[in-house]
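The values are calculated or read from the model by the stated rules, or taken from the named source; none is laboratory data. Bear in mind the structure is a predicted one, so any value in this text is a computation, not a measurement. Cβ: placed from backbone, ideal geometry, glycine included. Neighbour counts: every protein chain shown. All accessible areas refer to the heavy atoms of the entire protein, side chains included, with ligands and DNA or RNA removed. Shrake-Rupley method; radii C 1.70, N 1.55, O 1.52, S 1.80 Å.
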Amino acid sequence: MKKTKYNFWLDVTIYIVFLLTILTGFILWLVIPHKLDIVFLGISRSLWITTHVCFGLVGLAGVVIHIVWHRGWLKALRGRPLGGLKKKLRANRVVNRIMWIAYIATNVFGGLAWVLHLEVNSYIVRVPDRLHVVFGVMWTILLIVHLVLHWKWITSTTRRYFLVNIRSANDVPAQENI
């Protein structure tokens, strides 16, 4: 498989995992906030938290792989001043840096909030909980901007890989019944 194809499928996986992380996060934040004994959609709050944390860790692993695979591009940009970059590339670089800071903060405060709640039976909203939510929302907004900046690559690559698979499936002749 080509590097672009690996990158595409990694990005699709990361996107799906982050949608699930964001969905479980919003459910924990807005639907079943701060109640230990609540059940939503047949799932206890503790299982929602476990699911959110697991999706977050899978997403974190995916992001690390994504960054490792893009290290050549990142190294190439590192020494170049922002003023010398084209407008779209400069916007991409600025968004990526702010997004990376927000993502790290989301994970740090989320981990800290999780550790603080391990020993407590009642759910008290603390500063790390609030900062995890603030940076998580900020990161989600920046992720949307990041996807908009890469929209041309996303659409062309999606067409290439999904249409190839659809055409391949349609080209297979059906077996005749004997």
ILE16 vs. criteria in contact (Cβ under 8 Å) with a residue 24 or more places away in the chain, part of a helix (DSSP H, G or I) and within 21 Å of LEU142 (Cα to Cα): no
Can you name every residue in the range 125-138 that is without any contact (Cβ under 8 Å) to a residue 60 or more places away in the chain and more than 14 Å from HIS52 (Cβ to Cβ)? ARG126, VAL127, PRO128, ARG130, LEU131, VAL134, PHE135, VAL137, MET138
Would it be correct to say that ASN165 is assigned to a loop (DSSP other than H, G, I, E, B) and either modelled with pLDDT under 70 or of a type in the set (Phe, Trp, Tyr) (or both)? no
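Residue by residue, here is whether (1) closer than 20 Å to ASP11 by Cβ; (2) part of a helix (DSSP H, G or I); (3) over 15 Å from the mean Cα position of the chain (by Cα) holds:
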| residue | (1), (2), (3) |
| --- | --- |
| GLY59 | yes, yes, no |
| VAL64 | yes, yes, no |
| ARG90 | no, yes, yes |
| MET99 | yes, yes, no |
| GLY111 | no, yes, yes |
| LEU116 | no, yes, yes |
| ASP129 | no, yes, yes |
| PHE135 | no, yes, no |
Restricting the search to the range 90-120, which residues are within 13 Å of VAL134 (Cβ to Cβ), out of contact with any Phe, Trp or Tyr (no Cβ under 6 Å at 6 or more places or on another chain) and open to solvent by less than 40 Å² (accessible area, probe 1.4 Å)? GLY110, ALA113
So if I check each of LEU23, LEU74, which one is without any contact (Cβ under 8 Å) to a residue 24 or more places away in the chain, under 19 Å from GLY136 (Cβ atoms) and not small (Gly, Ala, Ser)? LEU23
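Here is a yes/no grid of residues against (1) open to solvent by 50 Å² or more (accessible area, probe 1.4 Å); (2) among the β-branched types (Val, Ile, Thr):
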| site | (1), (2) |
| --- | --- |
| THR4 | yes, yes |
| ASN7 | no, no |
| LEU19 | yes, no |
| ILE27 | no, yes |
| LEU47 | yes, no |
| VAL58 | yes, yes |
| TRP69 | yes, no |
| LYS75 | yes, no |
| LYS86 | yes, no |
